[in-house]
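*Asks:* Before anything else, here's the structure in question.
The values are calculated or read from the model by the stated rules, or taken from the named source; none is laboratory data. Note that the coordinates shown come from a computational prediction; the quantities given were computed from them, not determined experimentally. A quick note on method: Cβ atoms are made from the backbone with ideal geometry, for glycine too, and the neighbour counts reach across all protein chains shown.
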Amino acid sequence: MDVKLIDYAADPLAKLYGAYRTCYSADTPQHIWQKIRDASIAPERIREFIVARLETGHTSPLEQVVFWFAISGVSRALSHQLVRHRIGISFEQQSQRYVRFKEERLEFILPESWKRAGLESEFNETVARISSAYSKALAAGVPAEDARFVLPNAAPTNFQIMVNFAELQHIADLRLCVRAQWEIRKMVAAMRAEIKRAVPEIAPFVQPKCGERRQGYCDESLEDWQKCPLGRVRPHKSLLFELYRQHGSQALRALSDKEFEEVERLEKL
Ligand SMILES: Cc1cc2nc3c(=O)[nH]c(=O)nc-3n(C[C@H](O)[C@H](O)[C@H](O)COP(=O)(O)OP(=O)(O)OC[C@H]3O[C@@H](n4cnc5c(N)ncnc54)[C@H](O)[C@@H]3O)c2cc1C
């Protein structure tokens, strides 16, 4: 697997500062950007302001920060999962219709678990048979779009993707969680490492959902939390409810129409 940050939209910190400041200032965005450009706001002030905003739930400015990644040598099992993300992300994926793979160039992705199970040769023999059938089909005039029907989830694929920072955070929420499949976790961890090199100020905000900068707690099943290696570091939601039950200012109860009526009465809606 190779994951490279190809590019990112210029001045991501300035973009974030401009977007957030426009929301919270009587100044026009033109004036705010003039201050950014003539450096009358210190870069340190910009960084501090952004980091403080990133701690809040105001996330739409993050959609104005965009990254491009080159991803290669991942499996079709991974790509099926990645393309389920449909908001704030665009994909271009290597075609199995237009690309006729050379038999010896089909480097299938072998999970470590097959090796650990002592089944590496079984895996290799199976994919070698598949490669051979695929090549025979092409040679016999079967079009690539039909020859590919024998290719397995282990077949390699490549992407160029464009993703905004809000969606990247959401993808990391789900895919850095140990509940996610290993290969997509590895890919998202590599994307995070690339962002850390390019824009270190915002990389700490790319975490699994239980991270202190995201939702903060685990909302998976209690059983999964107990099995998680981070389970001792981040709390499970049931523990938080239990603490509220013990120490909260009111008894915890389900929301009902009574609560909505109470809000309407208090706020004179
Ligand atoms: C551990 C794990 C196991 C999974 N197992 C399965 C499985 O067994 N089978 C399966 O089919 N999928 C599975 N998935 C995929 C999952 O169901 C989602 O399709 C995938 O994670 C994409 O996330 P998303 O829906 O948040 O999409 P994104 O595009 O990343 O969406 C971002 C957010 O935008 C909002 N949004 C997007 N589209 C809409 C919409 N149409 N209407 C309203 N709001 C919208 C939602 O809030 C969404 O969370 C699994 C995912 C994970 C992480």
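*Asks:* Would you confirm whether or not the range 109-129 contains a residue that is surrounded by 11 or more Cβ atoms within 10 Å (Cβ to Cβ) and touching a strand residue (DSSP E or B) at 6+ places or on another chain (Cβ under 7 Å)?
*Replies:* yes
*Asks:* Of everything in the range 87-118 that's among the small types (Gly, Ala, Ser) and in a loop (DSSP other than H, G, I, E, B), which residue is farthest from Leu174 (Cα to Cα)?
*Replies:* Taking the candidates together, the pick is Gly118.
*Asks:* Has the range 45-64 got any residue that is surrounded by fewer than 17 Cβ atoms within 10 Å (Cβ to Cβ) and touching a Leu at 6+ places or on another chain (Cβ under 8 Å)?
*Replies:* yes
*Asks:* Still on this structure: Does the range 74-97 contain at least one residue that is more than 16 Å from the ligand (Cβ to nearest atom), more than 20 Å from the chain's Cα centre (by Cα) and surrounded by 13 or more Cβ atoms within 10 Å (Cβ to Cβ)?
*Replies:* Checked against the condition, which is being more than 16 Å from the ligand (Cβ to nearest atom), more than 20 Å from the chain's Cα centre (by Cα) and surrounded by 13 or more Cβ atoms within 10 Å (Cβ to Cβ), the range 74-97 yields at least one hit.
*Asks:* What are the pairs, 6+ residues apart or on separate chains, where a residue within the range 99-123 that is on the phi < 0 side of the Ramachandran plot has its Cβ under 8 Å from a residue that is among the charged types (D, E, K, R) and assigned to a helix (DSSP H, G or I)?
*Replies:* From the range 99-123, the pairs are Ile109/Glu183; Leu110/Glu120; Pro111/Glu183; Trp114/Glu120; Trp114/Glu122.
*Asks:* Looking at the range 132-178 only, could you name the residues that are under 32 Å from the mean Cα position of the chain (by Cα) and hydroxyl-bearing (Ser, Thr, Tyr)?
*Replies:* The one that is under 32 Å from the mean Cα position of the chain (by Cα) and hydroxyl-bearing (Ser, Thr, Tyr): Thr157.
*Asks:* Being of a type outside the set (S, T, N, Q), surrounded by fewer than 19 Cβ atoms within 10 Å (Cβ to Cβ) and either under 19 Å from Ser90 (Cβ atoms) or at pLDDT below 95 (or both) is the requirement here; does Ala189 meet it?
*Replies:* no
*Asks:* Contact list please: Cβ distance under 9 Å, first residue in the range 230-244 and β-branched (Val, Ile, Thr), second residue in a loop (DSSP other than H, G, I, E, B), pairs at least six apart or on different chains.
*Replies:* Pairs found: Val233/Cys210.
*Asks:* If you check Ser40 against the conditions, is it over 20 Å from the mean Cα position of the chain (by Cα) and either away from the ligand (no atom under 16 Å from the Cβ) or surrounded by fewer than 17 Cβ atoms within 10 Å (Cβ to Cβ) (or both)?
*Replies:* Yes: the conditions hold for Ser40.
*Asks:* Which one of these is surrounded by fewer than 17 Cβ atoms within 10 Å (Cβ to Cβ), within 15 Å of the ligand (Cβ to nearest atom) and outside the structural domain of His85 (by TED's automatic domain parsing): Gln169, Gln181?
*Replies:* Gln181
*Asks:* Could we say that Lys196 is outside the structural domain of Gly57 (by TED's automatic domain parsing) and basic (Lys, Arg) here?
*Replies:* no
*Asks:* Could you tell me which numbered condition Arg197 fails, if it satisfies all but one of (1) out of contact with any strand residue (DSSP E or B) (no Cβ under 7 Å at 6 or more places or on another chain); (2) away from the ligand (no atom under 16 Å from the Cβ); (3) free of Cβ contacts under 8 Å to residues at least 60 places away in the same chain?
*Replies:* (3)
*Asks:* So which of Arg253, Arg265, Arg245 ends up being under 34 Å from the mean Cα position of the chain (by Cα) and basic (Lys, Arg)?
*Replies:* Arg245
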